[in-house]
Amino acid sequence: MVDEGFTMFTYPCLAARVIGSKVQVPHSLWSHPAITHFRSNPWANSLISSADYKPIRTDSRRMKPTGEDGYFATTLGTSTTIPHVLTLQRRDISPAPSKTPTWLPATKQEAEAAKANPTPSAMPADIIMLFDLASPGLSGHPDIVHGGIVATLIDEAMSLAVGAHTSGPASDAGDNARGSIFTAQLDVRYKKRVTNPALLVVKTKVVARVGRKFWVRAQALQEDEESSGGHLEWAKRKVLKAEAMAFWIVTPDEKL
């Protein structure tokens, strides 16, 4: 079964209450196929259960009447690519600093120079996306996800982080909740191979904003399948598979 990232839910339906450390969300939301699917994974379940985050509609899983988001909604929305996606948004997103951040260092010299003004962290994330990576539709090498797909998923998660800072809810009539936002520069640093079939978690955060310009950090993580958390499966070591930084810009509709 392939889910569509909360297509049938509008934002008012996502209202939830936090009582103590528990999140109370309408039962109809928790019964959504994506929630049900990811609940079976202990790590994903721990992220879903966090009182700091709430599930939201994955806008890019809904192809618009114009054909926008067709790639992520249809090409990557099959049983052999990414059948399930879930987006979690931080409840108390703080406004991003207005100071241009230090870019990710590329050399030892740059890393040394950046110690006085380090690159901002992606934590705490504005957006956490859970991707059910299937096989063989995403594979470059056997059981290894193509690097271009990894970059695509990071880019999609970043777009929702930027959207969380720029836009309000969209209707189901075809509006794009994220608005007219574009990646101007994306720098991905691959650390380890991303495997499939497996869960991939991408965490993103807007680390700076100057007018219509946004700087975004991201991390892509998977569990270390060679380690064991014993009876606490969620305690398995989380491995950084890729990190990224990007520069985004909001473009007025009249300039498209």
| said: Which three numbers, in whole Å and largest first, are the semi-axes of the equivalent ellipsoid of the stretch 62-201 derived from its Cα gyration tensor as √(5λ)? | reply: 27, 23, 13
| remark: The percentage of the accessible area of the stretch 93-136 (probe 1.4 Å, all protein chains present) made up of carbon and sulfur atoms, to the nearest whole number, is 59 percent
| remark: Here the net charge surrounding Val250, from other residues whose Cβ is less than 9 Å away from its Cβ (Lys, Arg +1; Asp, Glu -1), is +2
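The values are calculated or read from the model by the stated rules, or taken from the named source; none is laboratory data. Note that the structure is predicted; figures quoted are calculated from it, not measured. Methodologically, a virtual Cβ is constructed for each residue, glycine included, from the backbone with ideal geometry; neighbour enumeration extends over all protein chains shown. Just so you know, the surface numbers come from the protein's heavy atoms only, side chains and all, with ligands and any DNA or RNA stripped out. Shrake-Rupley method; radii C 1.70, N 1.55, O 1.52, S 1.80 Å.
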